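Engineer: Below you'll find the structure I mean.
Bear in mind these aren't lab numbers, they're just calculated from the coordinates by the rules spelled out. Quantities reported herein were computed from a predicted structural model and do not represent experimental measurements. Glycine also receives a Cβ, built like all others from the backbone with ideal geometry; neighbour counts cover every protein chain displayed.
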């Protein structure tokens with residue numbers, strides 16, 4: 001392993017540790033200062049005596065100071081125990097594992113859709129610069145970039161689920177059916193609308209960046225020389241265009257994971273999809289501190305992994321960036 005790569009990996013690990021510490025401390029601070037009492041949220045409409053309330057608070061460790069609670073949580077987390085969810089009455093690690101599988105399927109599908117559609121539309125817009133395909137695609141992208149995810153989700157529901165009745169209104173599986181009996185075709189049927197809605201959040205940026213990069217490439221001197229040699233438009237795009245737009249497109253795609261994760265919260269709520277996003281909302285409404293902090297920690301790791309992958313791909317795809325950043329192969 002080269003010295004440059006070792007320094008890069010060391011700095012990355014240190015940044016990740018600092019990020020996780022900051023996320024957990026900020027999460028503890030926000031949860032502790034939230035106006036909702038965790039005991040009241042746990043009891044709901046049930047009325048108990050003050051002695052019983054004190055016993056519940058002691059059971060969950062809520063009678064300790066915030067600093068003590070944080071240090072105990074850190075120690076337990078380092079040993080693989082992130083506590084028990086006050087809402088679901090299950091270990092936080094189990095809840096995260098179950099909900100992440102559903103979110104991963106949703107976000108993965110949306111991520112692939114946004115990348116593929118964004119690249120295709122961006123190439124078409126770049127090739128037909130200032131003509132009607134370009135104007136339509138550019139206007140469409142600008143509208144998508146300025147439209148909230150939840151509004152798009154509601155519109156999609158009204159058209160395809162209510163009016164046309166092509167797809168179900170929500171959930172990840174049919175109502176009243178045992179999960180073990182649900183087929184992959186039924187899961188896909190429930191996945192289409194939320195995945196399509198969530199993919200729209202990443203399409204606009206990829207389209208606009210790909211379009212502009214391809215226009216720059218097509219107007220470059222070496223492409224003009226290739227055009228003079230008689231190369232067709234298809235050859236110009238395949239030989240010169242795709243090679244030069246690959247780097248910004250791929251890295252932008254991985255860097256958009258944070259936006260994708262944020263958009264999944266709204267998309268999952270609109271479609272009642274049982275993923276991490278909807279779980280975070282439920283945990284917040286019930287002041288479920290262990291689950292909220294677990295989701296925050298998991299989200300930070302997920303987003304950090306996406307950004308790290310984008311940075312690594314920069315060095316792998318473009319040797320000049322790798323050498324300039326000190327990451328020697």
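Engineer: With a/c under 1.5 counting as rounded, go ahead and sort the chain into rounded, prolate or oblate using the C-alpha gyration tensor (a ≥ b ≥ c being the square roots of the eigenvalues; past the cut-off, prolate if a/b is larger than b/c, else oblate).
Structural biologist: Oblate is the answer for the chain, as a/c is 1.5 or above yet b/c matches or exceeds a/b.
Engineer: If I build a Gaussian network model for the chain, linking alpha-carbon pairs within less than 10 angstrom, which residue out of 120, 152, 175 has the largest mean-square fluctuation?
Structural biologist: Evaluated over the chain, the most mobile residue of the options is 175.
Engineer: Output the 0 to 90 degree angle, nearest 10, between the alpha-carbon long axis of helix 242-255 and the longest principal axis computed from the alpha carbons of the chain.
Structural biologist: Orientation of helix 242-255: about 10 degrees from the principal axis.
Engineer: Another question, if that's okay. Please give the helix 257-270 orientation as an angle from the longest Cα principal axis of the chain, in degrees from 0 to 90, rounded to the nearest 10.
Structural biologist: Approximately 60 degrees, to the nearest ten.
Engineer: With a Förster radius of 35 Å, plug the Cβ-Cβ distance of residue 154 and residue 18 into 1/(1 + (r/R0)^6) and report the FRET value to the nearest 0.05.
Structural biologist: For R0 = 35 Å, the calculated efficiency reads 0.35.
Engineer: Residue 220 versus residue 183, label points 7 Å from Cα toward the beta carbon: distance in nm?
Structural biologist: 4.9
Engineer: Describe numerically, in nm with one decimal, the distance between label points set 7 Å from Cα along Cα→Cβ at residue 50 and at residue 171.
Structural biologist: Result for the modelled spin labels: 4.5 nm.
Engineer: From Cα coordinates alone, what are the radius of gyration and Dmax values for segment 94-288 in angstrom?
Structural biologist: Taking only Cα atoms of segment 94-288, I get Rg and Dmax of 19.9, 68 Å.
Engineer: Which of these, 90, 219, 50, has the largest mean-square fluctuation under a Gaussian network model of the chain (Cα springs below 10 Å)?
Structural biologist: 50
Engineer: Here's a follow-up. How large is Rg over Rh for segment 115-160, taking Rg from the Cα atoms and Rh as the Kirkwood inverse mean of 1/r across Cα pairs?
Structural biologist: Taking Rg over the Kirkwood Rh, I get 1.08.
Engineer: Among 16, 218, what is the fewest-to-most ranking by other Cβ atoms within 10 Å?
Structural biologist: With the sparsest Cβ surroundings first, the list reads 16, 218.
Engineer: To continue, here is another question. Starting from the Kirkwood Rh over alpha-carbon pairs, what translational D in µm² s⁻¹ does segment 21-102 have by Stokes-Einstein at 10 °C and 1.306 mPa s?
Structural biologist: Answer from the Stokes-Einstein relation: 112 µm²/s.
Engineer: Suppose we keep just the alpha-carbon trace of segment 176-254; what are its Rg and Dmax in angstrom?
Structural biologist: According to the Cα coordinates of segment 176-254, Rg and Dmax are 20.1, 66 Å.
Engineer: Another one. Among 162, 46, 182, whose mean-square fluctuation peaks in a Gaussian network model of the chain (Cα, cutoff 10 Å)?
Structural biologist: Checking each option, the largest mean-square fluctuation is seen for 46.
Engineer: Treating the angle as unsigned and between 0 and 90°, give the value, to the nearest 10°, between the Cα long axis of helix 132-145 and the longest Cα principal axis of the chain.
Structural biologist: Roughly 20 degrees between the two axes.
Engineer: What Kirkwood radius, in Å to one decimal, follows from the Cα pairs of segment 184-312?
Structural biologist: In segment 184-312 this quantity evaluates to 17.5 Å.
Engineer: Can you give the translational diffusion coefficient of segment 1-137 in µm²/s, computed by Stokes-Einstein from the Kirkwood radius over Cα pairs at 20 °C and 1.002 mPa s?
Structural biologist: 107
Engineer: Against the globular-protein guess of 2.2 N^0.38 Å, express the Cα radius of gyration of segment 171-222 as a ratio, rounded to two decimals.
Structural biologist: 2.00
Engineer: Can you give the extra length, in nm with one decimal, that the chain gains between residue 162 and residue 32 once fully stretched, where that is 0.36 nm per residue apart less the Cα-Cα distance?
Structural biologist: That pair, residue 162 and residue 32, stretches by 42.6 nm at full extension.
Engineer: Once R0 is set to 22 Å, what does the formula 1/(1 + (r/R0)^6) return for the Cβ-Cβ distance between residue 142 and residue 242, expressed as a FRET efficiency to the nearest 0.05?
Structural biologist: About 0.35, to the nearest 0.05.
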